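The values are calculated or read from the model by the stated rules, or taken from the named source; none is laboratory data. Note that the structure is a prediction, hence the values are computed from the model and not measured. Note that each Cβ is placed from the backbone with ideal geometry, even for glycine, and that neighbours are counted across all protein chains shown.
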Amino acid sequence: MRTGGMLGLILVLVVAESVSIAHANGLRYAYYSRTCPTAERIIADAVRSHFQSDNTIAAGLLRLHFHDCFVQGCDGSILLDSSIDGSVVERKAIRNNNSIRGFEIIDDIKTRLEASCPGVVSCADIVALAARDSVAISGGPFYGVPTGRLDGKISRASDADADLPTAIFTAAQLKANFNKKGLGVDDLVLLSGGHTLGRAKCAIFSDRLYNFSNTGGPDPSLSSSYLTILKSSCPQEAPSSGRDSGPTVALDKGSEFKFDNSYYNNLVNGNGLLKSDAVLKDDSQTKSLVSSFSANSDKFLWSFVGSMIKMGQIDLKTSENGEVRIKCNVYNSAGH
Ligand code: HEM
Ligand SMILES: *[C@@H]1O[C@H](CO)[C@@H](O)[C@H](O)[C@H]1NC(C)=O
Ligand SMILES: *[C@@H]1O[C@H](CO)[C@@H](O)[C@H](O)[C@H]1NC(C)=O
């Protein structure tokens, strides 16, 4: 789209001017320009080649960054196979297990980076940059990402199940959950726009189709045409193997591969898939944001970038408790 391209160009210029600006938390644009000048190119090329064989990975990688940042901060803790304190790791948490994905792509990118610049690029930065590239490759804005994150050594499933929001949260719960991470109501509405990509399993939302709040009927906030579609995609009799498998449905009806504002149009029209999406169009604080992003695509795309940058700076590790991992699934002292 022409406006998308223009937006991308403008953002690149903004970034170019900010190269020398360091954030208080140690992040900078072009952090690797001297230590690994090809880093961002290597990551973008890898995302592109994986996307060409499987275009669903953009959604997986975007969500991976969100789930990384909301639990222990943006420190690659979601990638760990073991935690230094022996805890069951984040990726095994109920809210991640058999749902969060993209690990093998991050590992592949890390292998490519280690071949060019060993021990330089953190896994947390790879996740943040791969999320950025996933947005861009799906037709969303290309934006500069401040880098220089360090990787953590602790990963706990219990933190993931405490800190990640669920699809049945009320608007008040969603706002409180984001607020705990230093994010506001506007960030909640904007980042929920990440649901412009990807899919959800029927088991996550099928209560809305058949037995909403134990009423024995559907959620009245679903449009009747959408309800019909969802019931045919998610039959009640389907052997429900729970949240771990079964059929899936696009989070953004009609536009699951395009990073655009149609998610908000869907919300306005009663076509929000998860209850946590649908509530945003009714809450007194979020509804005006939903209608404004539904009406103005560029406003959504610009503002989404701002919220992503903010989310990408939650609770960063320091040299005291962070490191640059050699392999993204193991902290260094375990494997070296
Ligand atoms: C606001 C609270 C949020 C809730 C309650 C929520 C919940 C969910 C759920 C339940 C799924 C489906 C998982 C499955 O079926 O296995 C999902 C998928 C997804 N979420 Fe969220 N999410 C939220 C916010 C976000 C944010 C902030 C982002 C990114 C900026 C995001 C990006 C995604 C993406 C891209 C998918 C599709 C993943 C795929 O297809 O692999 N979500 N989310
Ligand atoms: C995670 O999924 C695997 C594979 O389906 C399963 O064996 C395991 O029990 C699950 N773990 C948890 C904590 O649910
Ligand atoms: C809805 O769920 C409630 C609580 O689980 C259950 O008692 C009731 O029988 C269900 N109704 C239908 C129509 O399935």
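Could you tell me how many of the residues in segment 178-190 are touching a residue at least 24 places away in the same chain (Cβ under 8 Å), within 27 Å of residue 80 (Cβ to Cβ) and surrounded by fewer than 19 Cβ atoms within 10 Å (Cβ to Cβ)?
Result for segment 178-190: 2.
Helices (runs of 4 or more DSSP H) wholly in segment 195-307 with at least 3 residues that are surrounded by fewer than 14 Cβ atoms within 10 Å (Cβ to Cβ) - which ones? Can you show your working first?
Working: elements: 202-205, 207-210, 224-233, 262-268, 275-278, 287-295.
Of the helices (runs of 4 or more DSSP H) lying wholly inside segment 195-307, those with at least 3 residues that are surrounded by fewer than 14 Cβ atoms within 10 Å (Cβ to Cβ) span 224-233.
Would you mind stating whether residue 133 is more than 13 Å from ligand 1 (Cβ to nearest atom) and in contact with a strand residue (DSSP E or B) (Cβ under 6 Å, 6 or more places away or on another chain)? Working first, answer last.
Details: more than 13 Å from ligand 1 (Cβ to nearest atom): yes; in contact with a strand residue (DSSP E or B) (Cβ under 6 Å, 6 or more places away or on another chain): no.
No, not satisfied.
Going through segment 78-117 one residue at a time, which ones are assigned to a loop (DSSP other than H, G, I, E, B), within 21 Å of residue 321 (Cα to Cα) and touching a residue at least 60 places away in the same chain (Cβ under 8 Å)? Talk me through it step by step, then tell me what you get.
Just the residues of segment 78-117 that are assigned to a loop (DSSP other than H, G, I, E, B), to begin with: 80-89, 93-102, 117.
From the residues that got through so far, the ones that are within 21 Å of residue 321 (Cα to Cα) too are 80-89.
Of everything in segment 78-117, those that are assigned to a loop (DSSP other than H, G, I, E, B), within 21 Å of residue 321 (Cα to Cα) and touching a residue at least 60 places away in the same chain (Cβ under 8 Å) turn out to be 80, 81, 82, 83, 84, 85, 87, 88, 89.
Taking segment 80-119 as the region of interest, how many residues are of a type outside the set (Ser, Thr, Tyr) and within 16 Å of ligand 1 (Cβ to nearest atom)? Show your work before the answer.
To start, the set of residues in segment 80-119 that are of a type outside the set (Ser, Thr, Tyr) comprises 80-81, 84-86, 88-98, 100-110, 112-115, 117-119.
The next check asks that each one be within 16 Å of ligand 1 (Cβ to nearest atom); those that pass are 90-98, 100-106.
So the count comes out to 16.
Does residue 134 fit the bill of being surrounded by 23 or more Cβ atoms within 10 Å (Cβ to Cβ) and within 17 Å of the chain's Cα centre (by Cα)? Steps first, answer last, please.
Details: surrounded by 23 or more Cβ atoms within 10 Å (Cβ to Cβ): yes; within 17 Å of the chain's Cα centre (by Cα): yes.
Against the criterion (surrounded by 23 or more Cβ atoms within 10 Å (Cβ to Cβ) and within 17 Å of the chain's Cα centre (by Cα)), residue 134 qualifies.
Do you know which residues across segment 201-211 are hydrophobic (A, V, I, L, M, F, W, C) and under 19 Å from residue 165 (Cβ atoms)?
Let us first name the residues in segment 201-211 that are hydrophobic (A, V, I, L, M, F, W, C), namely 202-205, 209.
Correct list: 203, 204, 205.
What are the pairs, 6+ residues apart or on separate chains, where a residue within segment 215-234 that is more than 15 Å from residue 268 (Cα to Cα) and at pLDDT 95 or above has its Cβ under 7 Å from a residue that is within 16 Å of ligand 1 (Cβ to nearest atom) and part of a loop (DSSP other than H, G, I, E, B)?
233/247; 234/206; 234/247
Any residue at all in segment 165-185 that is within 16 Å of ligand 3 (Cβ to nearest atom), in a loop (DSSP other than H, G, I, E, B) and more than 12 Å from residue 277 (Cα to Cα)?
Step one: filter segment 165-185 for residues within 16 Å of ligand 3 (Cβ to nearest atom), giving 168.
Within this subset, residues satisfying the condition of being in a loop (DSSP other than H, G, I, E, B) are 168.
Then drop every residue that is not more than 12 Å from residue 277 (Cα to Cα), which leaves none.
No, segment 165-185 has no match at all.
Which residue, of 76, 102, is within 22 Å of residue 177 (Cα to Cα), modelled with pLDDT of 95 or more and either under 14 Å from the mean Cα position of the chain (by Cα) or within 16 Å of ligand 3 (Cβ to nearest atom) (or both)?
Values: 102 fails: within 22 Å of residue 177 (Cα to Cα).
The match here is 76.
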